[in-house]
Amino acid sequence: MAEDEFQADVLSVSERMAAEALIVDVEGFQGPLDLLLTLSRTQKVDLREISVLALAEQYLAFVEKARHLRIELAADYLVMAAWLAFLKSRLLLPPDPTEEGASGEELAAHLAFQLERLQAMRDAAAQLMARDQKGRDFFARGHVEVVEHKRRVTYTATLLDLMQGYARIRTRDEFRPFVMDRESVMTMEEALDRMRHLIGFAGEWTDIMSYLPEGWGNDPVRRRSATAANFAASLELAKAGAIEIRQGETFSPIQIRRKPND
Amino acid sequence: MTDEPDAPEGEAEESLFDAPPMGEQERMVEAVLFASADPVTVAELTARMPHGSEPAEALVHLRKRYEGRGVNVVRVGDAWAIRTAPDLGYLMHKETVESRKLSRAAIETLAIIAYHQPVTRAEIEEIRGVSVSRGTIDLLIELEWIRFGRRRMSPGRPVTFVVTQGFLDHFGLESARDLPGLKELRAAGLLESRPPPAGPGEGEEDEDGDDEGQSELFEE
Amino acid sequence: MTDEPDAPEGEAEESLFDAPPMGEQERMVEAVLFASADPVTVAELTARMPHGSEPAEALVHLRKRYEGRGVNVVRVGDAWAIRTAPDLGYLMHKETVESRKLSRAAIETLAIIAYHQPVTRAEIEEIRGVSVSRGTIDLLIELEWIRFGRRRMSPGRPVTFVVTQGFLDHFGLESARDLPGLKELRAAGLLESRPPPAGPGEGEEDEDGDDEGQSELFEE
């Protein structure tokens, strides 16, 4: 309520009602400039004679109200609010000769120009769409004549095809799937493949570590990868019933042997 | 639709709804025949035109009007159409072209030439990552979209390719330099890919962003 | 046309390649325009018609002949087409193409391009006060209502957009100069590009796509 009294200085009751209605419709605005244009209509004057100061007040009241109602406003709206607050201060305070940049009046005039221009473009768009349109109000030839006796093949491609084709090539690298550096990685498939061949000879219990391929036992990174792969492959083979696994106690060597069949 | 009995032919009775004047009916028939892809029957005309119209009579007038003209009103089965006068068929040759979509390889090759001209075949292959078949280059030359440019002053003096005026005309470009770059393609939504990895390009928080040329330098 | 001494009329030494009489040329133009769904340029007509023909003059006659008829000869940019008279559109419901409903953003963007062309994306955004969403430009290009124009000779050489002949054809405009209210808008100074006065916090415009030259636009 206190806030309403505060606003009463600048806004009439009907304006406040209007502002509230606007907030509900905030999704329907095409950005802060659109909102400003809508607000300016409440002044009911030629856009060239609009009071930018009053407009800034209305806008800031709008943002304040939205914040009060806990309505999430897009960043653009807050940027505009900050700018309008700045503009308002420039318009109200006597010009400071040390300050650089345009005067408040110049900034206000430009904003009024932007609003007028946007309104003009809206009107122009409406006039354009109100024109007779092909395929709706007037029509092109429905039947394009085809004479059979002289045929020529032409190839068509649109600018869109061309640009998309180019974009496809130039961005191909961006879409290449991520590939890990496989130098020091052994996959389970690789280990499985190896062990399948070797296991035929393993009639006796053998330490699983002896299955590491040559050159994989020294480098810690490669050793770790190969060990993990071999272990996983061993489990896989055991599951398939090809081998048996045993381990004497926790952390003791894991041994495997071919499953004695029949 | 109405409760009045079908007006028999030759009756002098005035219809409740006046049919448009015959001249107006002729215009209507003319427009409908022109816009229809297929020949139109009198029944269809009757159904489309205002109540009380006499398309059969309008057709007689219209047919007469087009006698000796560049196009004629002709009967096709029990329907009517506007067709080019038979003696002018030779003018229509260009209407008989059969158009085919350019292959992906050809489009990509053409695009690379347009964006990188003058460009050698080896360079095209490097950019595409696959070899360019002779047929592709030949087709583009035959279409008069590309032509040979200067030889490159590098070992082997390879020929280069450039796009032609015909290419610019076909694609509605004023010059090859007006082709949009990747960033612009993306901005126009022509490139369906995620936004560039660099953070938001908008400089809203930028306090000293009034130097126009500056902000772009920091993008991407 | 004039009483020049070498007027071909009745002369014994008639050229082997005499152009056909104007009436005949009118028929030819009529046939070609009727046969084509798209507008045909005078250059195309000249190329198709016998040597020495004057399609531009024939068009003047033909246009007059179709005044007030069910179909009319209309000018579209530097090309010509036959279109049904707009007052008869109601008869054509069968031919009506269900046009995609354009969003407000797309309509405004289109109008801005038409009235301000050639115009950059940054300028469109400056006028609308919001960024042009992805797909809006894309859609308008796909509809063949806009295309890329020359790059602007300003820092960054941004691409520009202009409207196409297809746009003129769709909205029944002879040229972009005939856009409704264009003169008034220009007189009111609303089509000038007026840079915002420099001041703190005024740097919101992001002029994306502004790079030095074309090659730099390609992200590696």
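Data table
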{"quantity": "Residue within the range A:171-194 that is part of a loop (DSSP other than H, G, I, E, B), of a type in the set (Phe, Trp, Tyr), within 30 Å of B:Tyr115 (Cα to Cα) and modelled with pLDDT under 80 present", "calculated": "yes"}
{"quantity": "The range A:136-169 - residue that is among the aliphatic types (A, V, I, L, M) and at pLDDT below 75 and, of those, surrounded by the most Cβ atoms within 10 Å (Cβ to Cβ)", "calculated": "A:Ala157"}
{"quantity": "Cβ pairs under 7 Å, 6+ apart, first in the range C:119-133 and buried (at least 21 other Cβ atoms within 10 Å of the Cβ), second in a strand (DSSP E or B)", "calculated": "C:Val119/C:Thr160; C:Val119/C:Phe161; C:Thr120/C:Thr160"}
{"quantity": "Among (1) at pLDDT 90 or above; (2) under 16 Å from A:Asp132 (Cβ atoms); (3) not basic (Lys, Arg), the one test that C:Gly89 misses", "calculated": "(1)"}
{"quantity": "Residues that are under 18 Å from C:Ile127 (Cβ atoms) and either more than 10 Å from chain C (Cβ to nearest Cβ) or touching a residue at least 60 places away in the same chain (Cβ under 8 Å) (or both), drawn from the range A:29-51", "calculated": "A:Leu33, A:Asp34, A:Leu36, A:Leu37, A:Thr38, A:Ser40, A:Leu47, A:Arg48, A:Ile50"}
{"quantity": "Failed criterion for C:Val97 (all others in (1) surrounded by 16 or more Cβ atoms within 10 Å (Cβ to Cβ); (2) under 22 Å from the mean Cα position of the chain (by Cα); (3) at pLDDT below 90 hold)", "calculated": "(1)"}
{"quantity": "Verdict on C:Phe148 being buried (at least 20 other Cβ atoms within 10 Å of the Cβ) and within 7 Å of another protein chain (Cβ to nearest Cβ)", "calculated": "yes"}
{"quantity": "Output for the range A:237-262, where each listed residue is buried (at least 17 other Cβ atoms within 10 Å of the Cβ) and assigned to a helix (DSSP H, G or I)", "calculated": "A:Leu237"}
{"quantity": "Boolean, C:Ala111 is small (Gly, Ala, Ser) and not assigned by the TED database to the domain that holds C:Glu26", "calculated": "yes"}
{"quantity": "Number of the exception - B:Val60 against (1) within 29 Å of C:Tyr66 (Cβ to Cβ); (2) out of contact with any strand residue (DSSP E or B) (no Cβ under 6 Å at 6 or more places or on another chain); (3) within 12 Å of chain C (Cβ to nearest Cβ); (4) of a type in the set (A, V, I, L, M)", "calculated": "(3)"}
{"quantity": "C:Thr84 modelled with pLDDT of 90 or more, under 30 Å from B:Glu24 (Cβ atoms) and of a type outside the set (A, V, I, L, M)", "calculated": "yes"}
{"quantity": "Selected residue (criterion: surrounded by the most Cβ atoms within 10 Å (Cβ to Cβ)) from residues of the range A:94-113 that are at the interface with chain C (Cβ under 7 Å from one of its Cβ atoms) and part of a helix (DSSP H, G or I)", "calculated": "A:Leu107"}
{"quantity": "Residues of the range B:132-145 satisfying the condition of being assigned to a loop (DSSP other than H, G, I, E, B) and more than 14 Å from chain A (Cβ to nearest Cβ)", "calculated": "B:Ser133"}
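For (1) within 33 Å of the chain's Cα centre (by Cα); (2) hydrophobic (A, V, I, L, M, F, W, C), each residue gets a yes or a no:
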residue	(1), (2)
A:Ser40	no, no
A:Ser51	no, no
A:Ala54	no, yes
A:Val63	yes, yes
A:Glu72	yes, no
A:Leu87	yes, yes
A:Leu91	no, yes
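The values are calculated or read from the model by the stated rules, or taken from the named source; none is laboratory data. Values in this document were obtained by computation on a predicted structure and should not be read as measured data. Please note: Cβ atoms are built from the backbone with ideal geometry, for glycine as well, and neighbour counts cover all protein chains shown.
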